[in-house]
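Asker: Please find one structure pasted underneath; my questions will follow.
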Amino acid sequence: MGISAPQTLRQFLRSVRREDGYVPAVLLGIEAADAEQIAAPPDDDEPLEPQSEEMTLTAKVTAGHWAQRLGEDHADRPCIRLDNPAKRGARVALTIGRSRACDVFVPDTSVSKHHATLTANRTQGEWTIVDMDSRNGTYVDGTRIVAGKAVAVWPGARLGFGAALFLFVDPGTLRQLASLVGD
């Protein structure tokens, strides 16, 4: 029972623009070679121009604006919504693993059947991740976390489940990106 069929970041952002209201966080699929570049936002404050004709920006933002760079460079990467309509409330735990019974299905052989749990505290706007004693480990920004111990997750955190790498993108960043994406 995966949360949703994978779609690209561009497709997801267009759907966010059409819907008003709730925006879930997403896991954005990334390659190991891109992981270091993505994690650090650019340092300068010079205005950036869109690098892709497909992803046009309607607002002027600076290079220090991580969301713009993310949208321009990774619009065609797959993303997974971190939302399960069956789970409501202020605190929601989503299971991640290779089993189709998980909330977030990751079809990678390095991912355990029940690999980790990602918990959202919607009232506080905070996220944590717990490794469920997986065989190949759960990583936050390249550091393996201790099984059973909750670790904070922040916007732009690189999450690794075995060899599968993702970038955590929070609802606030997604709202900014959706307002920047043209039709």
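The values are calculated or read from the model by the stated rules, or taken from the named source; none is laboratory data. Remember, predicted model here, so these are calculated numbers, not experimental data. Every residue, glycine as well, gets a Cβ built from its backbone with ideal geometry; the counts of neighbours run over all protein chains shown. With ligands, DNA and RNA removed, areas are computed over all heavy atoms of the protein, side chains included. Shrake-Rupley method; radii C 1.70, N 1.55, O 1.52, S 1.80 Å.
Asker: Restricting to region 1-30, name every residue that is modelled with pLDDT of 80 or more, out of contact with any Lys or Arg (no Cβ under 8 Å at 6 or more places or on another chain) and not hydrophobic (A, V, I, L, M, F, W, C).
Answerer: Residues satisfying the conditions are 7, 11.
Asker: Please specify each residue of region 131-141 satisfying the condition of being open to solvent by 30 Å² or more (accessible area, probe 1.4 Å) and either at pLDDT below 90 or of a type outside the set (D, E, K, R) (or both).
Answerer: 132, 136, 139 - these are the residues of region 131-141 that are open to solvent by 30 Å² or more (accessible area, probe 1.4 Å) and either at pLDDT below 90 or of a type outside the set (D, E, K, R) (or both).
Asker: Go through the residues of region 169-177 one by one and say whether even a single one is of a type in the set (D, E, K, R) and modelled with pLDDT under 90.
Answerer: yes
Asker: Here's a check for you: in region 142-167, which residue that is surrounded by fewer than 17 Cβ atoms within 10 Å (Cβ to Cβ) and at positive phi is modelled with the lowest pLDDT?
Answerer: Only one residue fits best here, namely 142.
Asker: Continuing with this model, one more query. Looking at region 140-151, can you tell me whether even one residue there is within 12 Å of the chain's Cα centre (by Cα) and closer than 21 Å to residue 78 by Cα?
Answerer: Scanning region 140-151, I find no residue that is within 12 Å of the chain's Cα centre (by Cα) and closer than 21 Å to residue 78 by Cα, so the answer is no.
Asker: Could you please find all residues in region 111-131 being out of contact with any Lys or Arg (no Cβ under 8 Å at 6 or more places or on another chain) and more than 18 Å from residue 157 (Cβ to Cβ)?
Answerer: 114
Asker: Next up: What is the one condition in (1) surrounded by 17 or more Cβ atoms within 10 Å (Cβ to Cβ); (2) modelled with pLDDT under 90; (3) not charged (D, E, K, R) that residue 86 does not satisfy?
Answerer: (1)
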